[in-house]
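Before any comments, here is the structure.
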Amino acid sequence: MVASRRAARDGATPPPGRLRAARPARALPTPAYALGVKAALTVLSLGLAAALGALAAGSVVMARRVVTPARRLPDTRILALDTAAQTITLSRTPDTELPGRYGLFTTGTSDYVKLGSVLSEDATSVKRKLLTHVGSDARLEPEAAFSGWYFDRPEQLHLPFTPELIGSTVGPCPAWLFPAGDGDTWVIQVHGRGTTRAECLRAVPVFHGLGITSLVVSYRNDGEAPRSRTGTYALGDTEWRDVDAAVGFARRRGARRILIMGWSMGGAIALQLSLNSAHGDAIAGLVLESPVVDWKVVLEFHARAERVPGAVSRFAIGALQSEWAAPLARTGGAIDLDRLDVVARAAELRHPMLILHSDDDGYVPSDASHDLVAARPDLVELQVFEVARHTKLWNYDQERWSDSIRAWLDRQGFSAG
């Protein structure tokens with residue numbers, strides 16, 4: 001039996017009783033048919049190449065947007081200005097309807113005004129009190145940008161300060177120094193993406209009242225500090241080195257205990273500093289306001305909000321982490337988003353931290369902040385806000401925001417100097 005199967009396999013004639021009817025020979029494709037198939041395959045290949053090219057192009061554009069320092073864009077409109085009553089009416093947005101004190105970037109006779117409480121509102125507009133006097137001859141363009149800054153110049157704090165330059169590998173980075181207490185304890189303030197150090201001025205009085213010196217710093221590519229070779233952000237992967245230089249500056253000026261406060265992307269920078277700095281022994285803790293703890297969570301959130309196809313957003317995140325895309329995205333090199341994922345690296349954390357984050361942030365989801373406190377409840381305390389929007393917690397509830405910081409500092413052994 002085995003021999004007969006082998007023989008049949010090798011081409012021997014099977015026994016007479018097992019002969020099969022011969023199959024008719026298949027007709028060979030005609031030249032026209034073959035040409036048609038070839039043309040169809042060519043069209044399909046070109047279509048696939050075009051689709052992949054569009055996917056790659058869209059992904060690179062998205063990746064470039066993430067790392068490119070953005071200028072401030074209008075997000076509301078001035079509908080009416082009553083200089084007699086000192087009120088301003090804005091188009092209604094999730095930000096302009098918020099309770100509290102805010103700022104408004106404008107174009108015209110004023111470039112910035114402070115805003116007070118909401119006086120009235122309807123479905124499309126919000127009327128607010130002006131806290132900056134606007135003269136009767138003022139002319140403001142309709143396009144404006146709502147802001148949580150409130151203070152836009154250090155003089156507005158009415159506290160003694162000096163301008164400083166922090167030596168960094170990219171060059172001298174401007175800073176403001178607000179001395180307080182005996183100079184033993186400092187806080188270094190780190191602003192977020194697309195803003196400048198003025199964003200941090202709101203926090204200076206809280207620390208000053210506790211005798212803590214404030215150093216409000218800039219970093220590469222933020223429009224005030226020197227530009228790097230690429231001129232783009234590394235999402236905290238390189239910027240932390242400029243803040244590390246500020247820690248060295250503080251230590252040379254006599255600081256023995258140094259706090260780092262980071263806002264939004266400044267939170268990501270502060271976390272990388274905590275993980276990587278050679279000055280780790282001098283860092284006493286972190287205070288993070290609306291921080292980026294995991295960039296992938298933030299990027300995926302924005303992709304969904306802007307209805308970016310999933311394939312494009314995944315490709316863009318991959319492009320940020322790839323050397324091949326670096327020249328196109330202008331990142332200067334691969335950005336290791338896994339290294340910037342502090343939830344995944346929670347076991348490496350060594351400094352106590354307070355996180356202030358709103359579940360209604362609207363820009364940097366609070367999910368990763370919740371995950372971080374769950375991963376390291378021994379080090380991380382989270383104060384959860386609601387209603388308040390991104391980096392606008394002080395504006396929405398200044399009393400609770402300030403009390404949260406003071407109470408945490410007291411538990412860490414800091415007291416008024």
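Overview of results
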| item | result |
| --- | --- |
| Pairs where the first residue, in segment 159-183, is closer than 21 Å to residue 256 by Cβ and the second is assigned to a loop (DSSP other than H, G, I, E, B) and at pLDDT below 95, C-beta under 6 Å, 6+ apart | 181/417; 182/417 |
| Lone unmet requirement of (1) at pLDDT below 90; (2) surrounded by 13 or more Cβ atoms within 10 Å (Cβ to Cβ); (3) not basic (Lys, Arg) for residue 105 | (1) |
| Any chance residue 56 is surrounded by 10 or more Cβ atoms within 10 Å (Cβ to Cβ), under 20 Å from residue 389 (Cβ atoms) and modelled with pLDDT under 95 | no |
| Cβ pairs under 6 Å, 6+ apart, first in segment 80-99 and modelled with pLDDT of 95 or more, second part of a loop (DSSP other than H, G, I, E, B) | 83/134; 83/136; 90/96; 92/124; 95/389 |
| Qualifying residue in segment 59-75 (condition: modelled with pLDDT under 95, more than 24 Å from the chain's Cα centre (by Cα) and not hydrophobic (A, V, I, L, M, F, W, C)) | no |
| Those helices (runs of 4 or more DSSP H) lying entirely in segment 320-403 with at least 2 residues over 18 Å from the mean Cα position of the chain (by Cα) and aromatic (Phe, Trp, Tyr) | 393-396 |
| Residues located in segment 70-89, provided they are in contact with a Phe, Trp or Tyr (Cβ under 9 Å, 6 or more places away or on another chain) and surrounded by 15 or more Cβ atoms within 10 Å (Cβ to Cβ) | 74, 75, 76 |
| Meets criteria (surrounded by fewer than 14 Cβ atoms within 10 Å (Cβ to Cβ) and at pLDDT 95 or above) for residue 139 | yes |
| Qualifying residue in segment 305-320 (condition: of a type in the set (D, E, K, R), at negative phi, out of contact with any strand residue (DSSP E or B) (no Cβ under 6 Å at 6 or more places or on another chain) and in the same structural domain as residue 367 (by TED's automatic domain parsing)) | no |
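The values are calculated or read from the model by the stated rules, or taken from the named source; none is laboratory data. Nothing here was measured: the structure is a model prediction, and the numbers come from that model. So basically every Cβ, Gly included, is an ideal-geometry build from the backbone, and we count neighbours across all protein chains shown.
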